[in-house]
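Starting off with a structure, shown below.
Laboratory data are not the source of any read-out in this text; all were calculated from the coordinates shown. Here the structure is a predicted model, which means the values were calculated and not measured. As a convention, Cβ positions derive from the backbone with ideal geometry for all residues, glycine included, and neighbour counts pool all protein chains shown.
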């Protein structure tokens, strides 16, 4: 199943309503319980010498690992993120992101993710500790009723 950017979501990574955002779309593999995405990161997000900026690499891993929440309808926020930068991630070349859950303990959800080049070489690895939260905290605030106005 394709997970496309929502036109009302302002998230920098996956939102469709953020004009400055990346508007990332992912694929949900229900059988393998994996989230995947294929991207070419533009020069806009480069660090040095045709490499994707390290902060963008961390954001990409955070995004793909966060999407793992969809399998169990979790509402979770990132509690901790660690990244191993193994090889340069090139701009303007196809990369593959993939993430999966490795452990659950109460509200603590542990996920891992990778960024690979088109040939399958791992360029970066991430491990995330996500914390399940009350879904009501994700709902947009309701406008307050003003008395006397029609």
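Quick one: 44, 31, 78, fewest Cβ neighbours within 10 Å first, how do they rank?
31, 44, 78
With label points built 7 Å along Cα→Cβ from the Cα atoms of residue 73 and residue 43, find their separation and express it in nm.
Once both label points are built, they end up 4.7 nm from each other.
With each label point set 7 Å from Cα along the Cα-Cβ vector, what nm distance links residue 103 and residue 17?
3.7 nm
Can you put 61, 86 in order, fewest other beta carbons within 10 Å first?
Starting with the residue having the fewest Cβ neighbours, the order is 86, 61.
Test of understanding: what is the full-extension gain from residue 8 to residue 58, defined as 0.36 nm times their sequence separation minus their Cα-Cα distance?
That works out to 15.6 nm of additional length.
Could you tell me what fraction of 2.2 N^0.38 Å the Cα radius of gyration of the chain comes to, as a two-decimal ratio?
1.15
Pairing the Cα long axis of helix 54-66 with the longest principal axis of the chain, what angle in degrees results, from 0 to 90 and rounded to the nearest 10?
Taking the Cα atoms of the chain, the angle to 54-66 is about 60 degrees.
What order do you get for 23, 72 when you list them from fewest to most C-beta neighbours inside 10 Å?
72, 23
Report the Cα centroid-to-centroid distance between region 15-52 and region 87-128 in angstrom, as an integer.
Comparing the Cα centres of region 15-52 and region 87-128, I get a distance of 12 Å.
For the chain, what does -39500 (n - 2.57) per DSSP helix run (n ≥ 4), summed and divided by total residues, give at 222 nm, in deg cm²/dmol to the nearest 500?
-2500 deg cm²/dmol
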